[in-house]
Amino acid sequence: MREISTQPGPVVKLLSFRIATERAPQFIDITDEVQTLVAESGVSHGTATVFCRHTTAAIRINENEPLLLSDMEEFLKRVAPRELYYRHNDFSIRTENMTEDECPNAHAHCQHLMLGASETIPIVDGRLTLGRWQRVFLVELDRPREREVCVQIIGC
């Protein structure tokens, strides 16, 4: 946990946690982890911004219903199939942002365009004000690995 501001006024905290993914695409419900950080922050009223520090994983709010999650995974596969040709994956022509363990993952970047890296949720009485069916998800788009999720909590 890292506290940004210790001055009188609104509390600003930047917290993070890591989560291991198992496949792609995969929707992982992280609502309880986020709510725990909100409770531990001591903020009663404010906002929590949940942010993913990766360009091939996303943060989204949706319903945690197994058949819907399967539908959404299949939708992402149809929107940007792994099997298509992408210049980003053509290592014979690509020269930018390469690493030793580079893998072909342009499909994941394209899927990320539709999803985004963060969600901001109001906090009221120390609780996330999600709707009845709403849950916060980390969405893995690339391959199994450990991901970092940051939660910035601002309020009083």
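Where a number appears in this text, it was derived from the coordinates with a stated rule and is not lab data. Values in this document were obtained by computation on a predicted structure and should not be read as measured data. Reconstructed Cβ throughout: ideal geometry from the backbone, glycine too, with neighbour counts over all protein chains shown.
Quick notes on this one:
- The number of residues in the stretch 30-45 that are within 15 Å of the chain's Cα centre (by Cα) and of a type in the set (A, V, I, L, M) comes to 2.
- Of the strands (runs of 3 or more DSSP E) lying entirely inside the stretch 1-114, those containing at least 1 residues that are within 19 Å of Trp133 (Cα to Cα) and in contact (Cβ under 8 Å) with a residue 40 or more places away in the chain are 26-29, 46-52, 57-63.
- Residues that are aliphatic (A, V, I, L, M) and either out of contact with any Asp or Glu (no Cβ under 9 Å at 6 or more places or on another chain) or closer than 15 Å to His107 by Cα (or both) within the stretch 51-90 comprise Ala57, Ala58, Leu67, Leu68, Met72, Leu76, Val79, Ala80, Leu84, listed in sequence order.
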